[in-house]
Amino acid sequence: MSRWIVLAIPVGGIAEANTEARTVTELEGSSEEAKAALLQAAHTYTHNRWKVRRREIYQCSDRSYLLRLQGRTGTYNYLVQLAELVHDFAAEPVGPAPG
């Protein structure tokens, strides 16, 4: 089973200090399970916006969506993206290679 994370990355024009990517969820599972978690995140993520009046979801690829949230004071865009763990350096043994 693979390890996955779903990220929400603010895209352009957000006038606030917290513009860093956020990890929405982490999971272990198949590609299909991860894609389902990605779509669920696109349908529910609010970035702590109060009173989301409109939610538009644009599919960019199999593993990413552009989420446009219209709130009380403006419109906010997020790239909601799926990432698969391909290597974990902390899992490697420390020290010289056997041989």
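The values are calculated or read from the model by the stated rules, or taken from the named source; none is laboratory data. Here the structure is a predicted model, which is why all the values come from computation and not from measurement. Here Cβ is always computed from backbone atoms with ideal geometry, including for glycine, and neighbour counts include all displayed protein chains. Just so you know, the surface numbers come from the protein's heavy atoms only, side chains and all, with ligands and any DNA or RNA stripped out. Shrake-Rupley method; radii C 1.70, N 1.55, O 1.52, S 1.80 Å.
Just the accessible area for Thr23, please: 1.4 Å probe, Å², rounded to the nearest 10?
Around 80 Å² of this residue is reachable by solvent.
Quickly work out the Val11-to-Leu85 label distance, labels modelled 7 Å from Cα along the C-beta direction, and quote it in nm with one decimal.
Simple spin-label model gives 2.8 nm for this pair.
Report in % the part of the accessible area of the stretch 1-87 that belongs to carbon and sulfur, leaving out ligands and nucleic acids; probe 1.4 Å.
46
So, by mean Cβ neighbours within 10 angstrom, what's the order for 50-60, 25-35 with the highest one leading?
The most tightly packed comes first, giving 25-35, 50-60.
Given a Förster distance of 35 angstrom, what is the FRET efficiency for Ser30 paired with Tyr58, based on the Cβ-Cβ distance and rounded to 0.05?
Plugging the Cβ-Cβ distance into 1/(1 + (r/R0)^6) gives 0.90.
Probe radius 1.4 Å, ligands and nucleic acids left out: which of Tyr78, Tyr45 has the largest accessible area, and how do the rest follow?
The most accessible residue leads, giving Tyr45, Tyr78.
Pop out the ³J(HN,Hα) list for the stretch 38-49 in order, Karplus 6.51 cos²θ - 1.76 cosθ + 1.60 with θ = phi - 60°, rounded to Hz; leave Gly and Pro as x.
Couplings: 4, 5, 4, 5, 4, 7, 10, 5, 10, 6, 6, 6 Hz.
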